[in-house]
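J.: Let me begin by handing over the structure; questions about it come next.
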Amino acid sequence: MQFKGTAHRYGRDIDTDVIIPARYLNTSDPAELAKHCLEDLDVEFVNKVAPGDIIVADENFGCGSSREHAPIAIKAAGVDVVIAKSFARIFYRNSINTGLAIMECPEAVDAISAGDVVSVDADAGVITDETTGQVFQAQPFPPFIREIIEAGGLINRTKQKMN
Amino acid sequence: MARPMTMAEKILAAHAGLEEVEPGQLIECDLDLVLSNDVTAPIAIREFNKIGVDKVFDPEKIALVPDHYVPNKDIKSAEQAKIVRDFAHEQGITHYYEVGCMGVEHALLPEQGVVGAGDLIIGADSHTCTYGALGAFATGVGSTDAGVGYATGKAWFKVPESLLFKIEGELAPGVTGKDVILHIIGMIGVDGALYQAMEFSGSAIRNMDMDERMSISNMAIEAGGKAGLIEVDDVTRAYMDGRVEKPYTEYHSDPDAEYAKVYEINAADIQPTVAFPHLPSNTRPAAESRDVVIDQAVIGSCTNGRIVDMRQAAEVLRGRKVHPNVRCIVIPATQQVYRQCIEEGLMDVFLDANCAVSTPTCGPCLGGYMGILAAGERAIATTNRNFVGRMGDPTSEVYLASPAVAAASAVLGHIGLPQDLDEQE
């Protein structure tokens, strides 16, 4: 999978409450959730995000609640990939299961600035900052996780195994 | 002879049908229980329906607990609760709890004996780690994992490394399980146990009742932990006997089991602790937090809504009045706790003190309803998270504390300790 978009840069411990505040959890409609993505952290995010954009953040992205509404909101807002120094465990799992591309790469996070154009080869784990020309190698996924990603998420993998 | 293992590793190995497992290993396990609530179950049901099976794997091993936005806070919440109700009835789910029977899930399921030692449990709610206090491996997942769990009774896991927290000695009077876990999160940070299982032991834990132990395990996730386990002892057995429906299995860590790190904590060093905005790790002693003026106090939640918590709050509030500038909201976490509050006279204490007492709900903890904060307002809460906007307006603030500190603060009008009230009077 190849992605290319503008980087939106955030700090560490971005929790799922700011990714999608609980006051909007009375629905699970992706389009509705997307309207409020990250609004308690960056009220302008939904206005400036364009389809294909990339979120770049420091450690422990997606900490807190298990709400799958968080990766759903990010994806529905148009973001294709989240690159972080590390991910909170449940968010990591939810992203793999639902097909939101995520990559762990501390070096890329340190080098990428807000507004840089970034391209990602998710299969090879290669991240390129097109603005500066720097190239980074992300942590590879274990084969078992790759299997879920390649199946298109956990539901598809389960269907394949059950039928 | 299998390698020496921690209790977390033993539970995972047993459920994967393996003699031994080691950290980093990816395994598929059979589940004893799959839990979800009115916020996470609607997505889990949607995903379950995509798999193409008609029936859940075992209607007795699924728990559906509407608790976040019930009694329904608005029309959309009512629709979500209805999806869960209809699915529960259609599938004949044994552990579905309607309004009037329900409670905050992580207080309700242990109380009702639905979870027990040795169980492997996934829950589409991050505080599922609470059941570690009973010697279970219980971990929070998302709705898709839960939906697949409904269909297959299985989930994939990466075997986590374990961290051991040994809390030895006696806690000072007024220091509770909540203070212990806030102290630990303050010490290691909100990702201090990321991808790892936390195990709590030591004489301070052994001398603690189950309700306080559950407060500790409950907040393992606030340090990034995958689970928060406590070894089964006579206190656990006394709690489970006559309560847990099915036979339970005790798993004890081997003496030579490997831990990624061992933390030795002197219980006497732990003070009543408050976590300042906007992270549970931003802790300070309550005694150094007296300049924080509050507008609201919330006493309840899956962290501190059990009967011991209610008693600790009532002890402070007895014969006193909540400060006129403070709203104090008390939420017993289950119907049984609610009834016990009435029978023990705690309800009179709360009402006499001018507290608002609510039917069980997660409500304000996650900024749902039943006590939302306006811009700039501050609350002290016995809940588990103080992220930006957690209880209302993004400029409001949440300070996390024990029931005793929250109750004392409600009377004082600012953060303080129960002993400050004696000095004041």
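J.: How many residues are surrounded by 24 or more Cβ atoms within 10 Å (Cβ to Cβ) and not in a loop (DSSP other than H, G, I, E, B) when one looks only at region B:413-425?
T.: Total meeting the criteria: 0.
J.: Of the numbered conditions (1) free of Cβ contacts under 8 Å to residues at least 12 places away in the same chain; (2) under 16 Å from A:Gly64 (Cα atoms), B:Val141 fails exactly one; give the number of that condition.
T.: (1)
J.: Pull up region B:378-403, narrow it to residues that are closer than 17 Å to A:Tyr24 by Cα and of a type in the set (A, V, I, L, M), then point me to the one that is least open to solvent (accessible area, probe 1.4 Å).
T.: So, considering only residues that are closer than 17 Å to A:Tyr24 by Cα and of a type in the set (A, V, I, L, M), the one least open to solvent (accessible area, probe 1.4 Å) is B:Met391.
J.: For region B:42-63, name all the residues that are in contact with a His (Cβ under 9 Å, 6 or more places away or on another chain) and either open to solvent by less than 10 Å² (accessible area, probe 1.4 Å) or among the hydroxyl-bearing types (Ser, Thr, Tyr) (or both).
T.: B:Ile43, B:Ile62, B:Ala63
J.: Out of (1) within 14 Å of chain A (Cβ to nearest Cβ); (2) free of Cβ contacts under 8 Å to residues at least 40 places away in the same chain; (3) in a helix (DSSP H, G or I), the odd one out for B:Asn72 is which?
T.: (3)
J.: Looking only at residues that are more than 11 Å from every other protein chain (Cβ to nearest Cβ), open to solvent by 40 Å² or more (accessible area, probe 1.4 Å) and not polar (S, T, N, Q) in region A:29-49, which one is nearest to B:Thr395 (Cα to Cα)?
T.: Among those that are more than 11 Å from every other protein chain (Cβ to nearest Cβ), open to solvent by 40 Å² or more (accessible area, probe 1.4 Å) and not polar (S, T, N, Q), it is A:Glu44.
J.: Related question: Give the residue that is farthest from the chain's Cα centre (by Cα), with candidates limited to residues of region B:358-372 that are open to solvent by less than 40 Å² (accessible area, probe 1.4 Å) and within 23 Å of B:Gly416 (Cα to Cα).
T.: Here the answer is B:Gly371.
J.: When the residues of region B:325-351 are narrowed to those that are free of Cβ contacts under 8 Å to residues at least 24 places away in the same chain and open to solvent by 40 Å² or more (accessible area, probe 1.4 Å), which ends up nearest to the chain's Cα centre (by Cα)?
T.: Looking at residues that are free of Cβ contacts under 8 Å to residues at least 24 places away in the same chain and open to solvent by 40 Å² or more (accessible area, probe 1.4 Å), I get B:Tyr338.
J.: Something else: Going through B:Val34, B:Val84, B:Val39 one at a time, which residue ends up being buried (at least 24 other Cβ atoms within 10 Å of the Cβ) and part of a loop (DSSP other than H, G, I, E, B)?
T.: Working: B:Val34 fails: part of a loop (DSSP other than H, G, I, E, B); B:Val84 fails: part of a loop (DSSP other than H, G, I, E, B).
Unique residue meeting the criteria: B:Val39.
J.: Any residue that is in contact with an Asp or Glu (Cβ under 8 Å, 6 or more places away or on another chain), open to solvent by less than 10 Å² (accessible area, probe 1.4 Å), in a helix (DSSP H, G or I) and among the aromatic types (Phe, Trp, Tyr) - is there at least one of those in region B:127-139?
T.: Checked against the condition, which is being in contact with an Asp or Glu (Cβ under 8 Å, 6 or more places away or on another chain), open to solvent by less than 10 Å² (accessible area, probe 1.4 Å), in a helix (DSSP H, G or I) and among the aromatic types (Phe, Trp, Tyr), region B:127-139 yields at least one hit.
J.: Go through region B:291-305 and give me each residue that's open to solvent by less than 10 Å² (accessible area, probe 1.4 Å) and either basic (Lys, Arg) or closer than 14 Å to B:Ala407 by Cα (or both).
T.: The answer is B:Ile294, B:Gln296, B:Ala297, B:Val298, B:Ile299, B:Gly300, B:Asn304, B:Gly305.
J.: Which of the strands (runs of 3 or more DSSP E) found entirely inside region B:275-359 contain at least 2 residues meeting this: of a type in the set (Gly, Ala, Ser)? First the steps, then the outcome.
T.: Details: elements: B:283-285, B:296-300, B:327-331.
Ranges flagged: B:296-300.
J.: Another question about this same structure. Within the set of pairs 6 or more residues apart or between chains, which connect a residue that is closer than 20 Å to A:Lys161 by Cβ and facing another protein chain (nearest Cβ under 7 Å) inside region B:42-53 to a residue that is surrounded by fewer than 22 Cβ atoms within 10 Å (Cβ to Cβ) and among the charged types (D, E, K, R) with Cβ atoms less than 7 Å apart?
T.: That search, which allows pairs on different chains as well, returns B:Ile51/A:Lys159; B:Gly52/A:Lys159.
J.: Sort through B:Val99, B:Val159 and tell me the only one that's more than 10 Å from every other protein chain (Cβ to nearest Cβ), open to solvent by less than 10 Å² (accessible area, probe 1.4 Å) and hydrophobic (A, V, I, L, M, F, W, C). Please lay out each step first, then the result.
T.: Details: B:Val99 fails: open to solvent by less than 10 Å² (accessible area, probe 1.4 Å).
Of the residues listed, the single one that is more than 10 Å from every other protein chain (Cβ to nearest Cβ), open to solvent by less than 10 Å² (accessible area, probe 1.4 Å) and hydrophobic (A, V, I, L, M, F, W, C) is B:Val159.
J.: Go through A:Asn94, A:Asn60 for me and flag whichever is at pLDDT 95 or above, open to solvent by less than 10 Å² (accessible area, probe 1.4 Å) and at positive phi. Break it down stepwise before answering.
T.: Details: A:Asn94 fails: at positive phi.
Step by step, each of A:Asn94, A:Asn60 is checked, and only A:Asn60 is at pLDDT 95 or above, open to solvent by less than 10 Å² (accessible area, probe 1.4 Å) and at positive phi.
J.: Now a separate question. Would you tally the residues in region A:110-163 being modelled with pLDDT under 90, more than 18 Å from the chain's Cα centre (by Cα) and among the polar types (S, T, N, Q)?
T.: 1
J.: Right, something else. With surrounded by fewer than 24 Cβ atoms within 10 Å (Cβ to Cβ) and either of a type in the set (A, V, I, L, M, F, W, C) or not in a helix (DSSP H, G or I) (or both) as the only criterion, which of B:Ala375, B:Ala407 stands out? I'd like the intermediate steps shown before the answer.
T.: Values: B:Ala407 fails: surrounded by fewer than 24 Cβ atoms within 10 Å (Cβ to Cβ).
After applying the criteria, what remains is B:Ala375.
J.: At least 3 residues that are open to solvent by 10 Å² or more (accessible area, probe 1.4 Å), more than 20 Å from B:Asp119 (Cβ to Cβ) and not β-branched (Val, Ile, Thr) in each: list the strands (runs of 3 or more DSSP E) lying fully within region B:187-273 that qualify. It would help to see each step written out before you state the result.
T.: Numbers: elements: B:197-201, B:227-230, B:261-266.
Output list reads B:261-266.
J.: Let me ask something else about it. Just need a number here: residues in region A:68-87 that are closer than 22 Å to B:Gly389 by Cβ, open to solvent by less than 10 Å² (accessible area, probe 1.4 Å) and of a type outside the set (Phe, Trp, Tyr).
T.: Taking region A:68-87 and keeping what is closer than 22 Å to B:Gly389 by Cβ, we get A:68-77, A:79, A:82, A:84, A:87.
Still in the running and open to solvent by less than 10 Å² (accessible area, probe 1.4 Å): A:68-71, A:73-74, A:79, A:82, A:84, A:87.
Now drop any that are not of a type outside the set (Phe, Trp, Tyr), which leaves A:68-71, A:73-74, A:79, A:82, A:84.
The total comes to 9.
J.: Could you list, in sequence order, all residues of region A:139-163 that are of a type outside the set (Val, Ile, Thr), closer than 19 Å to B:Lys158 by Cα and facing chain B (nearest Cβ under 9 Å)?
T.: A:Pro142, A:Pro143, A:Phe144, A:Gly153, A:Leu154, A:Arg157
J.: In addition: With the condition kept exactly as written, say whether any residue in region B:360-379 is closer than 22 Å to B:Lys321 by Cβ and free of Cβ contacts under 8 Å to residues at least 40 places away in the same chain.
T.: no
J.: Only one of (1) open to solvent by 50 Å² or more (accessible area, probe 1.4 Å); (2) in contact with a Gly (Cβ under 9 Å, 6 or more places away or on another chain) fails for B:His68. Which number is that?
T.: Against the list (1) open to solvent by 50 Å² or more (accessible area, probe 1.4 Å); (2) in contact with a Gly (Cβ under 9 Å, 6 or more places away or on another chain), B:His68 comes up short only on (1).
J.: To continue, here is another question. Working carefully through the options A:Thr128, A:Thr158, A:Thr132, find the one that is farther than 24 Å from A:Arg12 by Cα and hydroxyl-bearing (Ser, Thr, Tyr).
T.: On the way: A:Thr128 fails: farther than 24 Å from A:Arg12 by Cα; A:Thr132 fails: farther than 24 Å from A:Arg12 by Cα.
Selected residue: A:Thr158, the only one of A:Thr128, A:Thr158, A:Thr132 that is farther than 24 Å from A:Arg12 by Cα and hydroxyl-bearing (Ser, Thr, Tyr).
The values are calculated or read from the model by the stated rules, or taken from the named source; none is laboratory data. These numbers were taken from a predicted model, which means no experiment stands behind them. Glycine also receives a Cβ, built like all others from the backbone with ideal geometry; neighbour counts cover every protein chain displayed. The protein model used for the area step is the full one, side chains on, heavy atoms only, and it has no ligands, DNA or RNA in it. Shrake-Rupley method; radii C 1.70, N 1.55, O 1.52, S 1.80 Å.
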